[in-house]
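Peer 1: What follows is a structure written as structure tokens; I'll ask about it next.
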Amino acid sequence: MAETLLLTCGEEIPSPLLTCPATASRVDGIDIYALAQADIGVYRGLLVSAHADQRFLVTMQEQLEQFLRDGGILVICGHLTYPFLPELSPFVPLALRSFEDYRVWRVSEHPVFAGVDTDDLTFRKGIAGFYGRGHNPPPTGARVLQRLSSPDGPPLDYVYHRLGGGRVLVHSGNDLWMYANDGISARRIAPQLLDWIESPALPGEDREET
Amino acid sequence: MKPRIAVIDGGTYYHHRALFGERYRSYFAEVIYIRDLWNTPLAHFDAVVFPDRLHPGPLVAARRQIAEYLDTGGTVAAFGESQSHTWLPGLAWSPRPTNFWWWKTPGARLPLYAATPEHSLFRHLTIHEATWHVHGVFTPPSGTTPLIGLEGDGALLYEDTVTTPGRMVISSLDPFYHYGSYFMPVTERFLHGFLEWLAASCSGPRASP
């Protein structure tokens, strides 16, 4: 049985996660508006797309927090506009001065991004800015994995252990799994994200480096 | 008198920036959350705008209400990637592969054209401001007015005053998503021109129910 659940958003073309051979059998999809009736507790991972109706997710906060208290992993993509967990903060757009500001910098290794060339994130078909155009400010204690613009730039991707249980991975841009069918190293993200969700947490994993 | 234009909010981050942000907020008399649409009266609006990338589920559920609004002479403007063919009448939709990197090739062009150049829309925007990429085309029914065409193919934007007693402005473009994502400045100019035109085109007396 799939251990990860993707909230679909009425897309005409299904998410590559649900069609790509490396991931299709490992992910179930349900319509986001069916979340209230879904038994999400049977999954280890819950994926929230950048296209999610965040106003609706605000109304689902208690269910999402229960999922995390039960030890689940929540993966959130997109610009946070309606923070649906109390520790989340709204998106801050990048003050763009040059295209170099879109460059992605890995500042902490993580299995989800193992073997992924940051140039494949900075540019897609030669175009900068697909991966991130600003940041969702992380809560205290988050481990920042990638930053924008410079090694000290805005925190683009981060992971944290939640007080009371569960882990949250936040990517402040387009869906992490959008590259699943691309012929570049970034295609590794989708299956590696599922590997990470399916594996037990190692001691100290995903905690802030001190 | 300023026309009363409503707009549907899909609850996403990009709808939030595009609809509630300062840039376009003044065009909209009311922002209707998509899950509230089914029980929101529409009759007093001159136009209802359905931005791109709305979840079609709540719109299919509100289909009868949208049809009644058109039957009483209302104006609907519906953008792309919302499966509008599933909740509006008479739409012939064909998806096309999206090449978003065409402009990186020297000398390349995206072959869009003004299909009815004398139409009032083109007093407010140029074809250049509608040119970013293609997700698909519509085949405008007979008697409707194609506005933005793809050479050798269908329309990216057309106006239909024949299928219903009202007016449907149908597009496959996705400017709200791109503006709302801080991605592609041309979409900001498109939205400005389009909304200026829509407001001007609604200033006449609305058909009575």
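The values are calculated or read from the model by the stated rules, or taken from the named source; none is laboratory data. Quantities reported herein were computed from a predicted structural model and do not represent experimental measurements. Note: ideal-geometry Cβ built from the backbone for every residue, glycine included; neighbour counts use all protein chains shown.
The rows are residues; the columns are (1) surrounded by fewer than 22 Cβ atoms within 10 Å (Cβ to Cβ); (2) touching a residue at least 40 places away in the same chain (Cβ under 8 Å); (3) in a strand (DSSP E or B).
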| position | (1), (2), (3) |
| --- | --- |
| B:7 | no, yes, yes |
| B:18 | no, yes, no |
| B:37 | yes, no, no |
| B:103 | yes, no, no |
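Peer 1: I would also like to ask the following. Applying the selection to the range A:147-157, what residues are in contact (Cβ under 8 Å) with a residue 12 or more places away in the chain, more than 14 Å from chain B (Cβ to nearest Cβ) and either surrounded by fewer than 20 Cβ atoms within 10 Å (Cβ to Cβ) or touching a Pro at 6+ places or on another chain (Cβ under 8 Å) (or both)?
Peer 2: A:147, A:150, A:151, A:153, A:155
Peer 1: Does residue B:153 fit the bill of being touching a Lys or Arg at 6+ places or on another chain (Cβ under 8 Å) and buried (at least 20 other Cβ atoms within 10 Å of the Cβ)?
Peer 2: Answer is no for this residue.
Peer 1: Condition check: under 23 Å from residue B:17 (Cβ atoms), surrounded by fewer than 20 Cβ atoms within 10 Å (Cβ to Cβ), in contact (Cβ under 8 Å) with a residue 12 or more places away in the chain and aromatic (Phe, Trp, Tyr). Does residue A:99 satisfy that?
Peer 2: Yes, satisfied.
Peer 1: Next question, about the same structure. Could you please give the count of residues in the range A:28-73 that are out of contact with any Lys or Arg (no Cβ under 9 Å at 6 or more places or on another chain) and either assigned to a helix (DSSP H, G or I) or closer than 23 Å to residue B:53 by Cα (or both)?
Peer 2: 29
Peer 1: Of the residues that make up the range A:123-139, is at least one at pLDDT 95 or above, crowded, with 19+ Cβ neighbours inside 10 Å, within 14 Å of the chain's Cα centre (by Cα) and within 14 Å of chain B (Cβ to nearest Cβ)?
Peer 2: Yes.
Peer 1: Determine which member of the set B:92, B:78, B:61, B:67 is buried (at least 18 other Cβ atoms within 10 Å of the Cβ), hydrophobic (A, V, I, L, M, F, W, C) and either more than 14 Å from every other protein chain (Cβ to nearest Cβ) or under 22 Å from residue B:45 (Cβ atoms) (or both).
Peer 2: One residue alone meets the criteria, B:78.
Peer 1: Now for a different question. Output the residues belonging to the range A:1-60 that are of a type outside the set (Gly, Ala, Ser), free of Cβ contacts under 8 Å to residues at least 60 places away in the same chain, more than 14 Å from chain B (Cβ to nearest Cβ) and over 24 Å from residue B:86 (Cβ atoms).
Peer 2: The answer is A:1, A:5, A:21, A:39, A:40, A:42, A:43, A:46.
Peer 1: Taking residue A:76 as the residue in question, decide whether it is in contact (Cβ under 8 Å) with a residue 60 or more places away in the chain, within 14 Å of chain B (Cβ to nearest Cβ) and either assigned to a strand (DSSP E or B) or touching a Pro at 6+ places or on another chain (Cβ under 8 Å) (or both).
Peer 2: yes
Peer 1: Look through the range B:23-48, keep the residues that are out of contact with any helix residue (DSSP H, G or I) (no Cβ under 8 Å at 6 or more places or on another chain) and within 14 Å of chain A (Cβ to nearest Cβ), and return whichever of them is nearest to residue B:170 (Cα to Cα).
Peer 2: The qualifying residue nearest to residue B:170 (Cα to Cα) is B:32.
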